[in-house]
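Structure first, then comments.
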Amino acid sequence: MPNVTLKGNAVTLVGDELKAGGPAPDFQLQNNAMEEVTLASSAGKTRIIATVPSLDTGVCHAETKRFNDEAANLDGVEILVVSTDLPFGQKRWCGAEGVDKVSCLSDHRTVEFGKSYGVLISGGPLDRCLTRAIFVIDSNDQIKHVEYCSEITEHPDYDAALAAAKS
């Protein structure tokens, strides 16, 4: 598993580390209308999947807003922001922030997405939250780009993720 820290303290992640070139695991998440969303829900598109601990934190807030702004320039790309925040909270946050070009999805019920993508935090202050990571998945469900952020409180490499999505 990748080495990840929270303010310099080691974080334990559950699941297998994903690598570029491999298949994207399927998933079942809830959108903020409480509907099921799977990998097949966006079949035929390139997907940027950003995992964040919570939309109610500064970096997660800024990251989701940045991807919402970038979405207007990405034809054929769907951006999914996944956390364990409840769908009700995600809906409230998106409405308050004017976020309408990315899909905020919740893994709160089973955290199986977190395990499948190797982003589920076990123990510590963020227990059962997801670590900050970016996955770019092509239209054939193959992983093109992976970044597990080494420090949860820092931003991902937006340029690398966007370049992978456009290529």
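Within segment 107-119, is even one residue among the hydrophobic types (A, V, I, L, M, F, W, C), surrounded by 23 or more Cβ atoms within 10 Å (Cβ to Cβ), closer than 19 Å to Cys149 by Cβ and in contact (Cβ under 8 Å) with a residue 24 or more places away in the chain? Taking every residue of segment 107-119 in turn, at least one turns out to be among the hydrophobic types (A, V, I, L, M, F, W, C), surrounded by 23 or more Cβ atoms within 10 Å (Cβ to Cβ), closer than 19 Å to Cys149 by Cβ and in contact (Cβ under 8 Å) with a residue 24 or more places away in the chain. Could you say whether any residue in segment 150-167 is within 14 Å of Lys19 (Cβ to Cβ) and open to solvent by 20 Å² or more (accessible area, probe 1.4 Å)? No, there is no match, as no residue in segment 150-167 is within 14 Å of Lys19 (Cβ to Cβ) and open to solvent by 20 Å² or more (accessible area, probe 1.4 Å).
Condition check ((1) aliphatic (A, V, I, L, M); (2) surrounded by fewer than 17 Cβ atoms within 10 Å (Cβ to Cβ); (3) under 13 Å from the mean Cα position of the chain (by Cα)) across all residues:
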residue: Gly22; (1), (2), (3): no, yes, no
residue: Phe27; (1), (2), (3): no, no, yes
residue: Ala33; (1), (2), (3): yes, yes, no
residue: Ser41; (1), (2), (3): no, no, no
residue: Ile48; (1), (2), (3): yes, no, yes
residue: Gly58; (1), (2), (3): no, yes, no
residue: His61; (1), (2), (3): no, yes, yes
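Condition test on Arg92, is it open to solvent by less than 40 Å² (accessible area, probe 1.4 Å), basic (Lys, Arg) and either at negative phi or touching a Phe, Trp or Tyr at 6+ places or on another chain (Cβ under 7 Å) (or both)? So Arg92 fails the test. Within segment 147-167, being in contact with a Lys or Arg (Cβ under 7 Å, 6 or more places away or on another chain) and more than 24 Å from Gly58 (Cβ to Cβ) holds for one residue alone: Ala164. When Thr12 is tested against the conditions (1) without any contact (Cβ under 8 Å) to a residue 40 or more places away in the chain; (2) of a type outside the set (Lys, Arg); (3) out of contact with any Lys or Arg (no Cβ under 7 Å at 6 or more places or on another chain), the lone failure is (1).
The values are calculated or read from the model by the stated rules, or taken from the named source; none is laboratory data. From a predicted model like this one, the values you see are computed outputs, not experimental measurements. Quick reminder, even Gly has a Cβ in these numbers, built from the backbone with ideal geometry, and neighbours come from all protein chains shown. When the accessible area is computed, the model is the full protein with side chains, heavy atoms only, and any ligands, DNA or RNA have been set aside. Shrake-Rupley method; radii C 1.70, N 1.55, O 1.52, S 1.80 Å.
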